[in-house]
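Data first, discussion second: the structure below is written as structure tokens.
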């Protein structure tokens, strides 16, 4: 799963990317697109690893994508190329400047947020208009086209012309026939208000959209923190009266934003978190591990994480009857610990 980091120039996108991925902007290609894989913090994995003492411990991971910088603007071919790359993301992390300083204009987070959202809508509008024109041209020539696609695109056009992001219209944002368009304004978005080092307050009155999924971060501080050793980081956190890095919360919110959950496999060799979408059937969760397990699926032996913790061991959980056998259509729950029984 990939999240694209976007924002107006000067918002601190690169700073946030470096803080998340513990990377550096140094080098000759610092203005190129960047990708970083980051493990998702999960105390449950830590506890299971301490319990089973495996040879390997593997956390869930998320990929962050920082597109190369461009000057945004209407009718800009380079801008369209930029958005084409962002469309490859499953969700967006929208960084909004909420700090002042040399070279910066007035701090206007609400206005900046609206400006970027309008850019997303405009980029989708261009795609929608071109496709509708193409379908109308095909219709005049007697060429077959999908009437459902045409109807849905017209609905998209109406919403976009009224400056309504498609994520606010679930039947359009999730329509299978429109999936290939990867509409930007339909993607889930997490807004990060990038504050001064000594400011942890949310900006004043926020638009409804931002109120639904937003966080306050101190990007520069977090970037410095990411470059430190564990001992240095502990002292730094204490100095600024911070209990933990905000980046851990960004990672968790990113995971939740994508509608993802984790189930676990445990043993002496490996404790591992596996990533699936909510409401995934057991047989499809098995496929995430290996296609042979799905092919030869018999049963899933399942115990909930909380039940295992209450019992203290898998054997005790079995005695208590909290270890159960589930079939192919069982909806895997967040935190399930599963042993798949299969035969191929």
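Worth a mention:
- Förster-model FRET efficiency, 25 Å R0, residue 315 and residue 50, C-beta, rounded to 0.05: 0.90
- Inter-centroid distance (Cα atoms) of the stretch 129-168 relative to the stretch 279-344, Å: 44 Å
- Over the chain, dividing the summed -39,500 (n - 2.57) contributions of all DSSP H runs of at least 4 residues by the number of residues returns a 222 nm mean residue ellipticity of -12000 deg cm²/dmol.
- Rounded to 5, percent antiparallel among DSSP beta bridges of the chain: 50 percent
- Of the Cα atoms belonging to the stretch 279-342, the radius of gyration and Dmax stand at 11.8, 33 Å.
- Stretching the chain fully between residue 24 and residue 154 yields a gain of 42.4 nm (0.36 nm per residue, less the alpha carbon separation).
- Whole-angstrom Cα spans of the stretch 211-344 along principal axes, big to small: 54, 31, 29
- Computed lengthening from residue 216 to residue 39, 0.36 nm per intervening residue step minus Cα-Cα distance: 61.6 nm
- Cα-Cα separations in the chain greater than 35 Å, expressed as whole percent: 36 percent
- Full extension of the chain segment joining residue 84 with residue 241 gains 52.4 nm, where the gain is 0.36 nm per residue of separation less the Cα-Cα distance.
The numbers here are math on the coordinates, done by the rules we state, and not lab data. Everything quoted here is computed from the prediction, not taken from an experiment. Don't worry about glycine lacking a Cβ; one is built from the backbone with ideal geometry, like all the others, and counts go over all protein chains shown.
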